[in-house]
1. Express the relative contact order of the chain as a whole percentage, based on alpha carbon pairs under 8 Å and six or more residues apart in sequence.
2. Taking every Cα atom in the chain, find the radius of gyration and the maximum pairwise distance Dmax, and write them in Å.
3. Lys/Arg Cβ at +1, Asp/Glu Cβ at -1, dipole of the chain taken about the Cα centre: which of Phe281, Gly210, Ala187 is farthest positive-ward?
4. Rounded, prolate or oblate: pick one for the range 1-130, where a ≥ b ≥ c are the square roots of the eigenvalues of its C-alpha gyration tensor, a/c under 1.5 means rounded, and failing that, prolate if a/b is larger than b/c, else oblate.
5. Using a 1.4 angstrom probe on the protein heavy atoms only, line up Asp135, Asp17 by accessible area, largest first.
6. Of Ile33, Pro43, Ser3, which is farthest along the charge dipole of the range 1-49 in the positive direction, counting Lys and Arg as +1 and Asp and Glu as -1 at C-beta?
7. Over the chain, give the accessible area per residue in Å² for a 1.4 Å probe, as an integer.
8. Counting Lys and Arg as +1 and Asp and Glu as -1, what is the net charge of the other residues whose Cβ lies under 9 Å from the Cβ of Leu51?
Amino acid sequence: MTSVNRLAAAALARLRDDAERLRVAVSRDATGITLIDAGIAVPGSIEAGLLAAEVCMGGLGEVRLVAGDRAGWPTWVQVRSSQPVLACLASQYAGWSLAATKEETGGKKFFALGSGPARALACREDLFKELGYRDDGDRGVLVLEVDRPPPPVIVEKVLRDCALAPEGLSVVLTPTTSLAGTTQVVARVLEVALHKAHELGFRVADIVEGSACAPLPVPAPDTLAAMGRTNDAILYGGQVHLSVTGDFDAARELAVRLPSINSSDHGRPFAELFAAAGHDFYKLDPALFAPAEAWISHLDSGRTWHAGRSCPELLSWVERS
C-alpha cells in the first residue's frame with residue numbers, strides 16, 4: 001500500500017540534513033520528537049518552504065519555483081501530482097484540529113490545524129472514511145503553521161493518535177510570516193482546488209492528474225496581513241488544471257463552479273473580508289476558497305472547459321505606480 005509518510009521521508013531528510021544551508025534549525029524537544037523550525041527562531045528560506053510543501057504532499061507531489069512576469073508578478077509556485085487525491089486530501093489538507101487550553105499548556109492556549117502525512121496515521125477526520133485510506137507507516141511527519149512549538153499536551157495527543165514512539169515523529173514548524181511558511185501555504189493551491197471539488201460533491205476519485213500555480217508573495221511581518229497575502233495569491237492569482245474521468249456533465253459543471261469568482265465575497269482583499277467577518281472563517285462564503293481560474297479536462301471525451309479569471313489588481317502586496 002502507498003504510504004504517504006514513507007514517501008515523504010526523502011524530502012524530510014533533505015530538509016533536516018541540509019538545515020544550515022536552508023536556514024532551518026533541527027532539534028529534539030523534551031518529549032523526544034524531532035522539531036524542524038523553518039521560520040520561528042531562524043530565518044528559514046523559500047527552498048525550505050518548497051521542501052516542506054513536498055513533505056506535506058506525502059512525497060506524491062512536485063513543488064518548484066518558476067520565474068517570469070505573469071499577471072503582474074515575477075515569482076510563482078508551481079505544483080503537480082499524478083496522485084492528487086492522496087497528495088492533497090489524504091496528506092496536505094490542514095484538517096486535523098489540535099487545540100489545548102491555558103490550563104492544559106500551563107501558559108498560553110494553543111491552536112493549530114495539522115497537515116501532512118501524519119494525518120493519515122491518526123485518521124481523526126471523517127474525510128478518511130470517504131477516501132478509504134489509512135497509512136500503515138511506522139514513522140510520521142506533521143506540518144504546523146504556527147509561531148511557537150506545540151506544547152507537550154499536543155505532542156502527546158499526536159503520538160497517541162498516530163500510535164508512534166517519540167523518535168518516530170517529526171514536526172515541521174512554518175509560521176505564515178516566514179519565507180518558508182508563505183511558500184508552503186501558496187503551494188496548497190492544488191489542494192484548495194481538490195477540497196473545493198470535494199465540497200461541490202464531485203467524485204474526487206475521478207480526479208487523476210492535477211497541476212496548479214499561484215504567485216508567491218513577499219511575507220508580511222504581521223500574521224493577519226501574511227494570511228491575507230497567501231489567500232489572495234490563491235483566490236485571485238491561482239490557476240489549476242485538473243484531468244478527470246467519469247461523468248461528462250459533472251466535469252463540465254465542475255469547471256463552471258470551481259473558481260473563486262462564484263463567491264459573493266469575491267473582489268475584496270482577503271484581509272479586508274476577514275476583518276469584516278470578525279476574524280471568523282465560518283462567516284465567509286465557502287465558495288471563496290478556490291483558485292481564481294480552472295481548466296477541467298475530461299479524459300474520456302477529450303474536452304476541456306475553462307472558467308474564472310485572475311485578478312492581479314487584487315494582489316494585496318503589490319504597490320502599483
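The values are calculated or read from the model by the stated rules, or taken from the named source; none is laboratory data. Because the structure is a prediction, the values reported are computed rather than measured. Ideal geometry is used to build each Cβ from the backbone, glycine not excepted, and the neighbour counts take in all protein chains shown. Just so you know, the surface numbers come from the protein's heavy atoms only, side chains and all, with ligands and any DNA or RNA stripped out. Shrake-Rupley method; radii C 1.70, N 1.55, O 1.52, S 1.80 Å.
1. Numbers: 765 pairs, mean separation 54.8, N = 321.
This gives 17 percent for the chain.
2. 18.7, 59
3. Final value for the positive-end residue is Ala187.
4. On the way: a/c = 1.61, a/b = 1.19, b/c = 1.35.
The shape class here is oblate.
5. Working: Asp135 10, Asp17 115 Å².
Order by accessible area, largest first: Asp17, Asp135.
6. Ser3
7. With the other protein chains kept in place, the chain gives 43 Å² per residue.
8. Working: positive: Arg14; negative: Asp18, Glu47, Glu54.
The answer is -2.
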